[in-house]
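Structure below; questions to follow.
We did not get these values from a lab; they are worked out from the coordinates using the rules stated. For clarity, every value in this text was computed on a predicted model and none was experimentally measured. Because the Cβ atoms are built from the backbone with ideal geometry, glycine has one as well, and the counts that use them run over all protein chains shown.
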Amino acid sequence: MTATDDRTQDPAADPRVEGLRHAPGGYDPTSVDYVADPHEVLRQMREDGGVHVYQAHQGPRVVLTRWADVEALLRSKDVFKDVRKLAPDDPRRVGVLPDENPMASAAPSILGLDAPEHDRLRRLVNRAFTPRAVEALTPRIEEIADRLLDEVAGQDEIDFMEALAIPLPVIVISEMLGVDPEDRAQFKQWSLTMVNSDLRPDDHDRIRRGRAARQAMRAYFDRVVAQRREAPGEDLISALVLAEEEGDRLTHEETLTMLGLLLNAGNLTTTDLLGNGLLALLSHPGQVEALRERPELMANAVEEMLRYTPPVLGTGRTTAHPQEVAGCPVGQHVSVSGSVISANRDPEVVEDPDRFDITRDEIRYLSFGGGIHFCLGANLARNEARLTLERLFHRYSDIRLAVDPAQAEWRGGGAFRGLERLPLRVTTRTGG
Amino acid sequence: MPRLVVDRDTCMSSGQCYMVQPRLLQPDEEDIPVPTAEEFPEEDREALMDAVHACPTGALSIQE
């Protein structure tokens with residue numbers, strides 16, 4: 001049966017989600033139109049109870065759109081992420097087994113584990129991402145941003161994605177891991193190939209390419225880990241190798257999975273935070289003016305960017321047993337998705353949520369998720385975004401969009417929301 | 001007067017609380033936050049709530 005056939009089935013006919021309201025037709029996370037402008041349909045859903053069901057590729061999926069319900073889902077101990085807990089014939093396992101899906105590997109990553117296994121692995125890498133550790137990277141991140149800006153010096157039109165948003169996060173995470181930043185083009189390609197294949201579980205060509213990319217990346221890390229075992233350094237790979245050798249704290253397979261995850265997760269999302277955030281900022285000339293007058297607002301501006309235009313649309317869990325989800329009865333092993341982009345605009349929590357305002361007082365959002373899976377790289381992402389934009393605004397006395405915001409090219413599909421390109425018209429600051 | 005309680009088992013060391021309210025909490029050597037005072041004055045209540053909200057795992061609570 002093809003995915004198209006699946007979608008014509010009535011999701012609410014499944015007894016595990018009986019009685020739940022259908023999501024409106026405009027709710028389609030796989031379509032570029034939805035990704036470009038999801039806010040109107042999400043507002044309708046929040047006002048229509050905030051709990052809906054739709055037919056995803058692999059069965060019915062409940063989607064939550066109100067802040068309180070999304071936050072409760074993320075913190076709930078009655079849901080799980082580890083697909084190995086599903087029945088052997090469950091279609092959601094297909095596609096996450098190593099042979100089927102390039103993002104998967106013999107050892108699940110912390111994204112696909114529950115407590116206590118998740119916690120053991122996360123603690124091993126946590127130290128590299130604490131506020132203190134990330135703050136120490138500040139001068140180096142500024143240097144990288146300046147060097148990337150040097151590479152486009154003299155041009156009065158630049159693609160922000162290609163010039164800064166794409167390369168900077170890869171260089172930073174490569175240096176943290178201790179791999180050669182010169183390999184970054186390769187990393188980016190592996191990363192994108194894997195994510196793309198993950199987005200289209202029905203496209204066998206993409207799956208094949210994704211699998212090849214995963215194998216290539218695995219072989220690469222296998223080599224680097226062997227080198228670090230011989231000659232450890234101060235980097236994150238050496239720290240993991242040390243943990244591996246100190247006994248049963250980390251298996252070799254777990255090390256490889258962790259490295260793949262750190263590289264991938266450190267890539268696309270920060271790239272998209274930068275792209276989406278700058279697009280929002282430049283679409284509001286009054287806010288740019290406020291920032292020019294008060295450059296110290298940049299940290300707050302990044303918080304508002306995270307709330308207003310998050311790089312991840314939502315995140316999912318699976319019910320461990322029959323239970324009430326947001327007040328509605330839902331059966332066992334039902335996929336439930338929390339729409340983070342919707343929660344961030346819930347007027348119950350955020351005043352005047354559709355207004356982009358970098359001077360807001362307390363900025364609340366769920367863009368880094370919540371509960372034990374709260375983004376490991378949150379502090380790093382914030383810092384990278386702030387420093388990159390600071391250096392950009394320092395370099396150019398004038399920055400304008402070279403496209404109409406309504407014509408921005410969004411990448412479609414899956415849980416991610418980001419731009420293909422962000423062309424800017426820039427004027428270099430003179431005399432300093 | 002309000003007291004800030006940290007559930008060390010629930011804490012994931014994300015550092016969000018002491019990033020938003022460094023005056024009220026500081027990390028120990030395991031990167032788990034420790035309140036900077038036994039009790040806080042009433043006028044700190046809003047700042048304490050900020051820290052509680054910032055925690056992604058709900059590891060912070062206010063006790064009277």
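Find which of B:MET19, A:TYR27, A:GLN186 sits farthest along the positive direction of the dipole of the protein assembly as shown, computed with +1 on the beta-carbon of Lys and Arg, -1 on that of Asp and Glu, about the Cα centre.
A:GLN186
Assigning unit charges at the beta carbon (Lys, Arg +1; Asp, Glu -1) and nothing else, what dipole magnitude in debye, to the nearest 20, does chain B show about its Cα centre?
140 debye
Same structure again: Could you work out the local net charge near A:GLY50, counting Lys and Arg as +1, Asp and Glu as -1, over the other residues with Cβ closer than 13 Å to its Cβ?
In short, -1.
Ranked highest first by average number of other Cβ atoms within 10 Å, how do B:33-46, B:3-16 line up?
Top of the packing list down: B:3-16, B:33-46.
Next up: Rank-order A:368-375, A:403-410, A:315-322 by packing density, defined as the average count of other C-beta atoms within 10 Å over each peptide's residues, highest first.
Those peptides, ordered most packed to least, come out A:368-375, A:315-322, A:403-410.
Can you list the HN-Hα couplings for the stretch B:9-22, worked out from phi with the Karplus curve (6.51, -1.76, 1.60; θ = phi - 60°), rounded to whole Hz and with x for Gly and Pro?
6, 7, 4, 10, 6, 6, x, 5, 5, 7, 6, 7, 9, x
Relative contact order of chain A: what whole-number percent is it, with Cα pairs under 8 angstrom and at least 6 residues apart?
24 percent.
How long is the gain from A:ASP82 to A:THR428 if the chain were fully straight, where each residue apart is worth 0.36 nm and the alpha carbon distance is subtracted?
That works out to 119.6 nm of additional length.
To the nearest 20 debye, what is the magnitude of the charge dipole of the stretch A:377-432 about its Cα centre, counting +1 on the Cβ of each Lys and Arg and -1 on the Cβ of each Asp and Glu?
In total the dipole reaches around 140 debye.
Roughly what would the spin-label model give for A:ALA299 and A:GLU117, points 7 Å off Cα along C-beta, in nm?
It works out to 3.9 nm between the two label points.
If you average the alpha carbon positions of the stretch A:303-363 and of the stretch A:375-397, how far apart do those two centres end up, in angstrom?
24 Å
Enter the mean number of other protein chain beta carbons within 10 Å of the beta carbon of each residue in A:371-382, as an integer.
Mean partner shielding for this stretch: 3.
For labels at A:GLU362 and A:ASP222 in the simple 7 Å Cα→Cβ model, what's the distance in nm?
Here the answer is 5.2 nm between the modelled labels.
Across the residues of B:15-25, average count of Cβ atoms on other protein chains within 10 Å?
The per-residue average across the peptide is 2.
Determine the dipole magnitude for chain A: charges of +1 sit on the beta-carbon of Lys and Arg, -1 on that of Asp and Glu, nothing else is charged, the reference point is the Cα centre, and the result goes in debye to the nearest 20.
Here the size comes out at about 500 debye.
Let me ask you something else. Taking H as built 1.01 Å from N, whose amide H comes closer than 5 Å to the amide H of A:ALA402, not counting residues under 5 places away?
Counting only residues 5 or more places away or on other chains, the set is A:LEU424, A:ARG425.
Compare the Cα positions of A:HIS204, A:ILE110, A:LEU137 along the charge dipole of chain A (+1 at Cβ of Lys, Arg; -1 at Cβ of Asp, Glu; about the Cα centre) and return the one farthest towards the positive end.
Of the candidates, A:ILE110 comes out farthest on the positive side.
Could you check the simple spin-label distance between A:GLU47 and A:ALA185, using points 7 Å along Cα→Cβ, in nm with one decimal?
5.1 nm
To continue, here is another question. Across the residues of B:47-54, average count of Cβ atoms on other protein chains within 10 Å?
Average neighbour count from other chains, rounded to a whole number: 1.
Which aspartates and glutamates, if any, have their Cα less than 15 Å from the Cα of A:LYS85, not counting same-chain residues under 8 positions apart?
Result set, ordered by chain and number: A:ASP114, A:GLU117.
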